[in-house]
Structures are given as C-alpha cells and as structure tokens.
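The values are calculated or read from the model by the stated rules, or taken from the named source; none is laboratory data. Quantities reported herein were computed from a predicted structural model and do not represent experimental measurements. Cβ placement follows ideal geometry from the backbone for every residue including glycine, while neighbour counts extend to all protein chains displayed. In case anyone asks, the SASA skips ligands and DNA or RNA and just uses the protein heavy atoms, side chains included. Shrake-Rupley method; radii C 1.70, N 1.55, O 1.52, S 1.80 Å.
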Amino acid sequence: QCLLSGSWRSDTGCRMVVSVLGKDGSFSGSYLPGSMASNPEILTSPLEGFQQDAGLVQQPTFSFTVRWRLRARTTAFLGQCYVGTSGEETLHALWLLREAADSPAEDWKATR
C-alpha cells in the first residue's frame, strides 16, 4: 500500500514532507526546491493536497499545490504513487507552475 505520509526527496534534490493523511485523503506539509536547500527556514513553502483512497487502489493517484513564500507563484503537482516488487514506494508526478502576470498581454509567459 502506498501512502504519501513522510519525507520524500526527488532526483533533483527537492524535499517534500507530508503530514498524516486525513480520512478523506487530504494532507498538508512543506516543500523545498533542491536549488534552495541551503536556506530551508526562509524558503520552505506550504503544500496542500489529496491522495486517492489507498484502500481502493494499491497505487493511488495524488495532487497537491505549493504556495511559494517568496514570489507570487503557485505550482500544481499531479501524479501517482507506485509500489515496486520489493515494496519501495516511488512517486511519479508532473507539475505546472504559474506566476503572477503584470497584464493580460503577459499571460502567455506566466505558466511553465
């Protein structure tokens, strides 16, 4: 069974810490980009999300958003938790980052 609770590290050094999942699959925690790891007190940002019911699906999907503390940005993550043959849990996710645009004309470059 794959549960998101705990600490996770990405291939690029990003760190995510997830609180205990609620009965409805909700969770919160913190996220720190790998490039910012030298200053976690200032740059760690809050995250909130949901995981599919792991009692129904062995390898559940999940989603969460990170509200960045230092800039007007939000990132949405969407992925799935996989359980390997030896029981190790791995997260695979895609992300979409949105920053505030100064005007509608600037909208095209505000999403990555």
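Just a yes or no: is a residue in segment 32-45 assigned to a strand (DSSP E or B) and under 11 Å from the mean Cα position of the chain (by Cα)?
Yes.
Where the second residue is exposed (fewer than 12 other Cβ atoms within 10 Å of the Cβ) and modelled with pLDDT of 90 or more and the first is farther than 11 Å from Leu47 by Cβ and hydrophobic (A, V, I, L, M, F, W, C) and lies in segment 9-24, which pairs have Cβ atoms under 9 Å and are six or more apart or on separate chains?
Hits for this filter: zero, empty list.
I'd like the residue in segment 63-112 that is in contact with a strand residue (DSSP E or B) (Cβ under 7 Å, 6 or more places away or on another chain) and not in a strand (DSSP E or B) and, out of all such residues, is farthest from Leu4 (Cα to Cα).
Ala110
If a residue has to be open to solvent by less than 60 Å² (accessible area, probe 1.4 Å) and under 18 Å from Leu21 (Cα atoms) to count, how many in segment 60-82 make the cut?
Number satisfying all stated conditions: 9.
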